[in-house]
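**Q** One structure, as structure tokens, below. Some questions next.
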Amino acid sequence: KGSKLIGCGSATPKLSISNEYLSKFVDTSDEWISVRTGIRNRKILSDGETVTDLAVKSSKKALEMANLKAEEIDLVLLCTSTPDDLFGSAAQVQRELGCNRALAFDITAACSGFVLGLVTGGGFENVLVVGADALSRYVDWTDRGTCILFGDGAGAVILQATSDEQDCLLGFDFHSDGNGQRHLHALVRSTDKKPGDEGAVSNGDVFLPSRASVSCIQMNGKEVFRFAVRCVPETIQTALEEAGLHGPDLDWLLLHQANQRILDAVAERLQIPPERVISNLSNYGNTSAASIPLALDEAVRCGKVKPGDVLATAGFGAGLTWGSAIVRW
Ligand code: ACO
């Protein structure tokens, strides 16, 4: 049984941070950031706003477009690496939307999360797939190599099972390589203190194990760049072959919005002309699992992506993980 895409939505925080503003507290400039990345602005969560809020807002819009009630959803997949609750936030999204019948769980696969979510919902009738991330919470705002890149946001789609031939998922291909973790990570650490060490928390003679903390995002930008430019065209090519399609058959290339130079390089390798590449990263930066559905929602709502259009989507990032899904809107 196949499925079709029947709705999309997106949401971003109100607070906007421009390149000029960043250059007030790290040694950078609007010119450097724009030329190297294509990014001009990013939206950042303020105090009190949560990833769950963004996921819920984007999902409500997707439900409205799909003309579905929350109770009709059977599965909620929240693709995020930055949940509000360590145990996952999908159930909170489910609760706030009122998807009372749905199973809900998180998918953690960094910037590849949303594309993985798209292929996970098979067997369910109505599936809500939300990509929502707030990497700004884990950025070292004194590290100019990473803080300029990321923004927060959410994007959602609704998949509905269909018995006709028109499955929206035409082909897909996914990979993981834990060896690449050294190039991109935000590690969870415990503070490693033994009883008697300075700073160890103890209660009389009883040593209390320390709490874990998460370090800021650390990235070797050049390595991640090389990985993306090498692996993304390959995974799209494989997914296209599975779909029985070629580059020229695509209406749109919709990649994870990490860096305009990556988008341009992948498009060039696949011989896809620039006017068929969807890009909105200048306004939002890299919003991780949210970036593909956020860009899709904008492209659908402005009439660029039309019913029946075929898109190659591809996510890539920490893990390392990468993969592609060829979908029909
Ligand atoms: N402003 C000004 N100068 C800077 C900045 C900055 N913000 N950042 C670095 N520089 C300097 C460096 O110090 C270096 O100076 P030097 O030549 O004196 O040593 C110079 O600019 C060049 O730095 P590079 O790191 O070589 O610049 P590069 O062209 O590689 O661009 C970037 C860096 C933008 C990070 C790029 O490598 C990139 O986009 N990589 C991919 C990141 C990515 O796509 N991640 C996706 C996954 S994210 C996820 O999964 C969570």
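**Q** When residues of region 26-47 are filtered for being closer than 18 Å to Leu135 by Cβ and either without any contact (Cβ under 8 Å) to a residue 40 or more places away in the chain or not charged (D, E, K, R) (or both), how many remain?
**A** Matching residues across region 26-47 total 11.
**Q** Within region 75-100, how many residues turn out to be more than 30 Å from Ala212 (Cβ to Cβ) and either at pLDDT below 95 or of a type in the set (S, T, N, Q) (or both)?
**A** The number of residues fulfilling the criteria is 1.
**Q** Which pairs have Cβ atoms under 8 Å, sit 6 or more apart or on different chains, and link a residue in region 252-264 that is among the polar types (S, T, N, Q) to one that is in a strand (DSSP E or B) and within 9 Å of the ligand (Cβ to nearest atom)?
**A** Gln257/Asn286; Asn259/Asn286
**Q** If you scan region 283-319, which residues turn out to be within 14 Å of the ligand (Cβ to nearest atom) and either assigned to a strand (DSSP E or B) or over 14 Å from the mean Cα position of the chain (by Cα) (or both)?
**A** Correct list: Asn286, Ala314, Gly315, Phe316, Gly317.
**Q** In contact with a helix residue (DSSP H, G or I) (Cβ under 6 Å, 6 or more places away or on another chain), within 30 Å of Leu159 (Cα to Cα) and not polar (S, T, N, Q): which single residue out of Ala11, Ala66 fits that description?
**A** Just one listed residue meets the conditions, Ala11.
**Q** Filter region 239-290 down to the residues that are out of contact with any strand residue (DSSP E or B) (no Cβ under 9 Å at 6 or more places or on another chain) and on the phi > 0 side of the Ramachandran plot and list them by number.
**A** Gln271
**Q** On the given criteria, is Asp297 among the acidic types (Asp, Glu), crowded, with 22+ Cβ neighbours inside 10 Å and modelled with pLDDT of 95 or more? Explain how you work it out, then say what you get.
**A** Values: among the acidic types (Asp, Glu): yes; crowded, with 22+ Cβ neighbours inside 10 Å: yes; modelled with pLDDT of 95 or more: yes.
Taking the combined requirement at face value, the residue satisfies it.
**Q** Test Pro248 against the criterion of being at pLDDT 95 or above and part of a helix (DSSP H, G or I), and give yes or no.
**A** Details: at pLDDT 95 or above: no; part of a helix (DSSP H, G or I): yes.
Spelling it out, it is not the case that Pro248 is at pLDDT 95 or above and part of a helix (DSSP H, G or I).
**Q** In region 108-161, what residues are assigned to a helix (DSSP H, G or I), within 12 Å of the ligand (Cβ to nearest atom) and of a type outside the set (Phe, Trp, Tyr)?
**A** Within region 108-161, Ala110, Cys111, Ser112, Gly113, Leu135, Ser136 qualify.
**Q** Which of the residues spanning region 273-329 are touching a Lys or Arg at 6+ places or on another chain (Cβ under 6 Å) and under 18 Å from Ile236 (Cβ atoms)?
**A** Val310
The values are calculated or read from the model by the stated rules, or taken from the named source; none is laboratory data. Being a predicted model, the structure only gives us computed values, none of them experimental. Positions of Cβ are backbone-derived with ideal geometry, glycine not excepted, and every protein chain shown enters the neighbour counts.
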